[in-house]
1. Do we find a residue being assigned to a strand (DSSP E or B), touching a strand residue (DSSP E or B) at 6+ places or on another chain (Cβ under 7 Å), open to solvent by less than 40 Å² (accessible area, probe 1.4 Å) and more than 23 Å from residue 174 (Cα to Cα) anywhere in region 42-49?
2. Being surrounded by 15 or more Cβ atoms within 10 Å (Cβ to Cβ) and either more than 19 Å from residue 61 (Cα to Cα) or at pLDDT 95 or above (or both) is the filter here; which residues of region 105-115 pass it?
3. Name the residues in region 119-164 that are modelled with pLDDT under 95 and aromatic (Phe, Trp, Tyr), would you?
4. Select from region 81-132 the residues that are out of contact with any Ser or Thr (no Cβ under 6 Å at 6 or more places or on another chain), free of Cβ contacts under 8 Å to residues at least 40 places away in the same chain and small (Gly, Ala, Ser) and list them in ascending order.
5. For residue 176, are the conditions met, namely being in contact with a Cys (Cβ under 7 Å, 6 or more places away or on another chain) and over 23 Å from residue 225 (Cβ atoms)?
6. Among the residues of region 82-93, what is the count of those that are open to solvent by less than 50 Å² (accessible area, probe 1.4 Å) and within 26 Å of residue 126 (Cβ to Cβ)?
7. So, restricting to strands (runs of 3 or more DSSP E) that lie completely within region 128-244, which ones have at least 2 residues that are in contact with a Gly (Cβ under 7 Å, 6 or more places away or on another chain) and open to solvent by 20 Å² or more (accessible area, probe 1.4 Å)?
8. Determine if region 16-31 includes at least one residue that is at pLDDT below 95, open to solvent by 70 Å² or more (accessible area, probe 1.4 Å) and out of contact with any Pro (no Cβ under 7 Å at 6 or more places or on another chain).
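The values are calculated or read from the model by the stated rules, or taken from the named source; none is laboratory data. Everything numeric here is computed off the predicted structure, so don't read it as measured data. Positions of Cβ are generated from backbone atoms using ideal geometry, with glycine treated the same way; all protein chains shown enter the neighbour counts. The protein model used for the area step is the full one, side chains on, heavy atoms only, and it has no ligands, DNA or RNA in it. Shrake-Rupley method; radii C 1.70, N 1.55, O 1.52, S 1.80 Å.
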Amino acid sequence: VWPLLLCNSASAADLTAREIVGKAHEAAGGEVWRRPQTLLLEGSATLCQEPDRERCVVAENYRMWRVFPRASSNARAANGQVRIDAKSGLRVLFQVSYDGVNTYNQNGLVPNAEASKEWSENFGFGIIRFALDEGFKLTRLPDDQVDGFACYVVSVKDLSQAHTIFAIDRASHSIRRVGFQTSRGWHERIYSHFITLEPSGFQQPQRVRLYYSGVKSNDIWWQVAQVNSPIDPSMFVIKRPRLN
């Protein structure tokens, strides 16, 4: 009897990893989600960073600007352009940016070795947009649950041989979890409270929770989302602040 409880239907059990990822692409908005140009997000976040995660701070102003790459073969490498600002009132908690070549933080330019480590611990989700491209290997893993939602689980192996694990809702096909190994331990992001941006049909989770080695690091709530709006390239260069 027990094995029969593992799958809701024979058709669900027979789906391949490639078919599941295809359904996730379609549910997220199709081609506009698979190959977006830009994404702007605004919201708030509770940040509990190492080494002292007991002291969490709320960033009432948390923003992200993203220019997406047209291709990607390595889930852990920085690509496109991205910037994240976290502020509490007038105080800058942190800034981090990648302009396509260089990485910056609130203090200015970041050395390449340090920057590569930082991005490798954070980049991973976006690779599923390219998972159906040539050279990727997809494997279906045992099904699971995320926040009580029954999910398919798929491993995506990219051209750099990096593995990224995705949990995809069996009913809605929304991507509810991503996981991958980092130098800080096993990293997971859990996505929920999905909305659809009109008229594009682009799906965006409003809540994102980040974990390292099972301990929550960040809890982000997005209140504003815009897809394919123009972004000035100068936005991604953070200059060293002037000293008075």
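1. Looking through region 42-49, at least one residue is assigned to a strand (DSSP E or B), touching a strand residue (DSSP E or B) at 6+ places or on another chain (Cβ under 7 Å), open to solvent by less than 40 Å² (accessible area, probe 1.4 Å) and more than 23 Å from residue 174 (Cα to Cα).
2. 110, 115 - these are the residues of region 105-115 that are surrounded by 15 or more Cβ atoms within 10 Å (Cβ to Cβ) and either more than 19 Å from residue 61 (Cα to Cα) or at pLDDT 95 or above (or both).
3. Residues satisfying the conditions are 119, 123, 125.
4. 88, 89, 113, 116
5. No, not satisfied.
6. 6
7. Hits in region 128-244: 185-197, 215-227.
8. No: region 16-31 contains no residue that is at pLDDT below 95, open to solvent by 70 Å² or more (accessible area, probe 1.4 Å) and out of contact with any Pro (no Cβ under 7 Å at 6 or more places or on another chain).
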